[in-house]
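The values are calculated or read from the model by the stated rules, or taken from the named source; none is laboratory data. Since the model is a prediction, treat every value here as computed from it, not as a measurement. Glycine also receives a Cβ, built like all others from the backbone with ideal geometry; neighbour counts cover every protein chain displayed.
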Amino acid sequence: MPAGFKVDQIATGLSEPRLIRTAPNGDLFIAESHKGQIRVLRGIGADGRAQTVEVFATGLNKPFGIAFYPTGANPQFVYVANTGSVVKFPYQNGDLKARGRAQTVVGTIPGGGLLHGGGHWTRDIAFTADGRKMLVSVGSHSNVDDDAEEDHRADILEFNPDGSGERIYAAGIRNPVGIAFDPSTGVLWTSVNERDDLGDDLVPDYITTVKDGGFYGWPWYYIGPNQDPRHAGKHPELKDKVIVPDVLLQSHSASLEMTFYEGKMFPPEYSGYAFAAEHGSWNRAKRTGYKIICVPVHNGKATGEYMDFVTGFVTPNGEVWGRPVGVTVASDGALIFTDDGSDSVWRVTYTGSK
């Protein structure tokens with residue numbers, strides 16, 4: 001940790017905790033994707049552990065994304081993005097159990113697509129600040145194919161909150177695992193896993209703003225006009241349309257959920273910065289990732305750099321014991337993240353001067 005910060009384990013024994021979101025009332029909602037359920041954590045006791053741990057809903061299909069709707073202090077629904085659908089549950093602040101069955105909002109999202117080393121089954125979900133639009137991220141079916149299996153994949157889809165009005169918001173994004181709106185600007189951002197098998201240092205993962213109608217290159221190009229050699233000569237008309245991402249990350253870091261810091265606990269310079277969970281490489285000669293990173297953002301613009309914030313999940317002999325997945329800001333300003341390597345939830349607090 002940087003000087004002045006500390007990290008504590010607030011819950012363990014979970015079932016591969018993945019994405020985490022803070023409810024308006026401060027409860028922490030966690031997707032236990034492979035178990036098909038959503039769990040809720042509430043409160044921190046004198047022992048530093050979560051006081052209440054409940055299962056909110058079960059019977060889901062690889063749930064990942066979680067969002068509260070309408071936006072604001074008093075949502076009426078919890079939306080959950082399964083791998084092939086979006087559903088919603090009736091909800092009021094303080095509910096620890098779903099007060100009704102899942103209602104299907106979108107039932108036609110391409111699902112599955114498990115790949116060696118992971119898989120692009122995760123679907124994140126976010127609402128615009130005015131609540132008029134719902135964005136859903138969909139990873140590719142493959143590493144770098146451009147066949148029919150990739151229809152409506154490797155993109156971010158836009159819907160109305162009732163599931164109507166589907167359109168492609170942005171394309172060419174191999175696996176936009178995490179999406180989040182910058183609360184200061186209303187601009188959409190994403191945290192992306194790029195393609196494999198071009199070596200240890202290609203292609204960089206990235207975190208970037210997402211432009212409506214933007215094209216980010218996959219599978220034919222990367223980082224602007226650089227053509228993937230496996231698609232040599234294809235689609236020259238797209239070469240100059242590829243948007244260069246704002247922040248390039250070390251290749252194969254496996255950047256997952258991201259969030260923006262709006263809390264008051266951390267020093268003022270962290271206000272508005274993005275934090276992201278790096279799950280870690282599976283196919284790189286020297287490991288990378290396995291950490292929480294901090295991305296400086298000033299007036300809605302990234303500087304292009306990023307900094308390690310929480311590290312130590314790889315032992316000196318190269319063995320991995322923890323893999324960060326989800327990250328959120330608690331109501332008290334602490335940073336909370338999940339770790340599906342140790343099946344834990346961790347809390348980062350600021351305790352003193354640097």
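Things worth noting here:
- Condition check for Thr185: closer than 25 Å to Val297 by Cα and in a loop (DSSP other than H, G, I, E, B): yes
- Per this entry, Arg42 is not counted among residues that are at pLDDT 95 or above and crowded, with 20+ Cβ neighbours inside 10 Å.
- Of residues in region 218-247 being part of a loop (DSSP other than H, G, I, E, B) and of a type in the set (A, V, I, L, M, F, W, C), the one surrounded by the fewest Cβ atoms within 10 Å (Cβ to Cβ): Ala232
- Answer residue from region 296-340, given it is of a type in the set (Gly, Ala, Ser) and without any contact (Cβ under 8 Å) to a residue 40 or more places away in the chain and is farthest from Gly65 (Cα to Cα) among those: Gly318
- Any hit, region 281-294, residues being without any contact (Cβ under 8 Å) to a residue 40 or more places away in the chain, within 24 Å of Gly224 (Cβ to Cβ) and small (Gly, Ala, Ser): yes
- Take the conditions (1) modelled with pLDDT of 95 or more; (2) touching an Asp or Glu at 6+ places or on another chain (Cβ under 8 Å); Ala285 misses just one of them, which is (1).
- Subset of region 301-351 (residues that are at negative phi and of a type in the set (D, E, K, R)): Lys301, Glu305, Asp308, Glu319, Arg323, Asp332, Asp339, Asp340, Arg347
- Any hit, region 55-62, residues being of a type in the set (A, V, I, L, M, F, W, C), closer than 12 Å to Ile38 by Cβ and touching a Phe, Trp or Tyr at 6+ places or on another chain (Cβ under 8 Å): yes
- Per the conditions (1) crowded, with 18+ Cβ neighbours inside 10 Å; (2) at pLDDT 95 or above, the sole criterion not satisfied by Ser331 is (1).
- Number of residues in region 217-244 that are at negative phi and touching an Asp or Glu at 6+ places or on another chain (Cβ under 9 Å) equals 9.
- Close Cβ contacts (under 7 Å, 6 or more residues apart or on different chains) running from residues in region 141-169 that are crowded, with 20+ Cβ neighbours inside 10 Å to residues that are assigned to a loop (DSSP other than H, G, I, E, B) and of a type in the set (Val, Ile, Thr) comprise Ala154/Ile173; Asp155/Ile173; Ile156/Ile173; Ile156/Val210.
- With respect to (1) touching a residue at least 12 places away in the same chain (Cβ under 8 Å); (2) not in a strand (DSSP E or B), the lone exception for Ile10 is condition (2).
- Complete set of residues in region 310-338 that are assigned to a loop (DSSP other than H, G, I, E, B) and either of a type outside the set (Gly, Ala, Ser) or under 17 Å from Pro17 (Cβ atoms) (or both): Thr311, Phe313, Thr315, Pro316, Asn317, Glu319, Trp321, Gly322, Arg323, Ala330, Asp332, Ala334
- Selected residue (criterion: farthest from the chain's Cα centre (by Cα)) from residues of region 128-140 that are surrounded by 20 or more Cβ atoms within 10 Å (Cβ to Cβ) and within 25 Å of Asn74 (Cβ to Cβ): Met134
- Taking region 200-217 as the range and being surrounded by 14 or more Cβ atoms within 10 Å (Cβ to Cβ) and in a loop (DSSP other than H, G, I, E, B) as the test, the residues that pass are Leu202, Val203, Pro204, Val210, Gly214, Tyr216, Gly217.
- Of all the numbered requirements in (1) of a type outside the set (Asp, Glu); (2) touching an Asp or Glu at 6+ places or on another chain (Cβ under 9 Å); (3) part of a loop (DSSP other than H, G, I, E, B), Ala67 misses one, and that requirement is (3).
- Options Leu60, Leu157, Leu135: the member that is assigned to a loop (DSSP other than H, G, I, E, B) and either of a type outside the set (S, T, N, Q) or touching a strand residue (DSSP E or B) at 6+ places or on another chain (Cβ under 9 Å) (or both): Leu60
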